[in-house]
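Participant: The following block contains the structure, expressed as structure tokens.
The values are calculated or read from the model by the stated rules, or taken from the named source; none is laboratory data. What you are looking at is a predicted structure, and each value in this text was computed from that prediction instead of being measured. Quick note on the areas: whole protein, heavy atoms, side chains included, nothing else; ligands and nucleic acids left out. Shrake-Rupley method; radii C 1.70, N 1.55, O 1.52, S 1.80 Å.
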Amino acid sequence: MHHAAEHLKEKASKAKEKRALLGPDIDLAQFVTAAESEGRLGPDGLLSLPENERRTLIMAGLDPEEGSRGGTFFQKDASVLHCRSKQPGIEVMPITEALEKHAWIEEYYWKLVSVDADKYTAAAEIGLHNGYVIRALPGVKSIYPIQACLYIGKEGLQQNVHNIIIAEEDSELHIITGCATSPHLKRGAHVGISEFFIKKNAKLSFTMIHNWAEDMVVRPRSAARVEAGGLFLNNYICMKPVKSLQMYPVTHLEGEDAVARFYSIIVGSPGSEYDLGGRVFLKQPGNRAEIIARTISNGGKIIARGHLIGEVPDIKAHLECRGLILKGGVIHAVPELEGHADGVEMSHEAAVGKIAQEEISYLMSRGLSEDEATSTIVRGFLSVDIPGLPAELKAEIDRAIEESDKDMM
């Protein structure tokens, strides 16, 4: 290990858990970290998995046939079962392999996320299972999205992963990552560290779809650095129940004209708690940032945060959080704007409410039933126009909304 385990445990125990800010504390001792190792999948790849597991993966945005994907990474519990890139210039590999074979990975490993930030980051270092490295070489543009899946099949497992994503100068990289649990699994924990590096004039779109079991605890910790002229597009979709999700990615716009856009679509179920958002530091002239969240509560608790920090003149940033309460629950929007210079241009809008009865009545007058009218309004509410998204990824988001709509109603 690159850091002394005992030192990390001590730091983590001393670290102040910001419970008021970040939701409930979780006792990791209730989970196990040992998992049996499995061999790689055969030549059929994901198609060799049982049908019910393939169905779960499809619900998390994966294509088991891989026809519309430029590469695949599939990890089950602690084992990487399938890993390949189909496009020259785009590398896909397990992080344990990268740490063993490639000296350059040290320039990125634990460089944006602090290893001693809290007990979850410490757990990922002390008990690392695996994770992926996806890199687009300079000037290479991904034709199809790369797909990655972190899958949990063992009951009560705490899966610890570390991912590094690099879009080198002038490259374009599109990733869809699905996190899911076996159809039979009830309880587990996922601790995921992700570090994103968007180099000069590069473009990275990262779309994450979560499809967890109802008693899952999920603790992602991620950060990004965007250089001059770079674009980081980060989409997050979670429409299935989860016991506790807590994530607050941080992005640093380090170069002039760097841009970050965060889009989240959340549906909260009874008994589920979500504390999520994002923070963007706009550090150079020409920086642009946008954080947009659409949330629906069907009896869950959702805290939607956003924090934009404009450090210099000539930056633009916008924050938008809109929530619908359909069947009880709580939606708490926490928008923050912080301007540190003359000439910053920052705005936010937040709204929490219900579906207007007149909208339902209008659609019913056009021949829809009440359920159909409600469903139509909900789908329209969740449908966010995300500029710069490839057609394949937009189709996946639309499909995820369509699938979840059946459960919501």
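Participant: I'd like the distance separating the alpha-carbon centroids of the range 340-355 and the range 203-255, in whole Å.
Facilitator: Computed from Cα coordinates, the inter-centre distance equals 21 Å.
Participant: Next question. Quote the convex hull volume per residue of the range 133-190, based on C-alpha atoms, as a whole number of Å³.
Facilitator: Dividing the Cα hull volume of the range 133-190 by its residues yields 67 Å³.
Participant: Among Tyr248, Tyr236, Tyr144, what's the order by accessible area (1.4 angstrom probe), most exposed first?
Facilitator: Tyr144, Tyr248, Tyr236
Participant: Determine the per residue accessible area of the chain with all protein chains present and a 1.4 angstrom probe, expressed in square angstrom.
Facilitator: I get 40 Å² per residue for this part.
Participant: The range 77-134 to the range 268-313: how many Å between their Cα centroids?
Facilitator: Cα centroid to Cα centroid, the span is 26 Å.
Participant: At 222 nm, what helix-only mean residue ellipticity would the chain give, in deg cm²/dmol to the nearest 500, using -39500 (n - 2.57) for each DSSP H run of four or more?
Facilitator: -5500 deg cm²/dmol
Participant: Among the listed pairs Lys186/Lys394; Lys76/Lys283; Lys111/Lys141; Lys240/Lys354; Lys76/Lys111, which have their C-alpha atoms separated by more than 32 angstrom in this model?
Facilitator: Lys76/Lys283
Participant: Now for a different question. For the chain, give me the percentage of DSSP beta bridges that are antiparallel, rounded to the nearest 5 percent.
Facilitator: Here the share of antiparallel DSSP bridges comes out near 10 percent.
Participant: Still on this structure, I have one more. Using only the Cα atoms of the chain, what semi-axes does the equivalent ellipsoid have when each is the square root of 5 times a gyration tensor eigenvalue? Give whole Å, largest first.
Facilitator: Over the Cα atoms of the chain, the semi-axes work out to 30, 27, 23 Å.
Participant: Still on this structure: For a quick check, take a GNM of the chain with Cα springs below 10 Å and name the residue from Leu363, Leu46, Leu319 with the largest mean-square fluctuation.
Facilitator: In this elastic network of the chain, the residue with the biggest mean-square fluctuation among Leu363, Leu46, Leu319 is Leu363.
Participant: Further question: Using a 1.4 Å probe on the protein chains only, how many percent of the accessible area of the chain belongs to carbon and sulfur?
Facilitator: Carbon and sulfur together cover 49 percent of it.
Participant: So between Trp104 and Arg54, what do we pick up on full extension, going 0.36 nm a residue minus the alpha carbon distance?
Facilitator: Here the answer is 14.5 nm.
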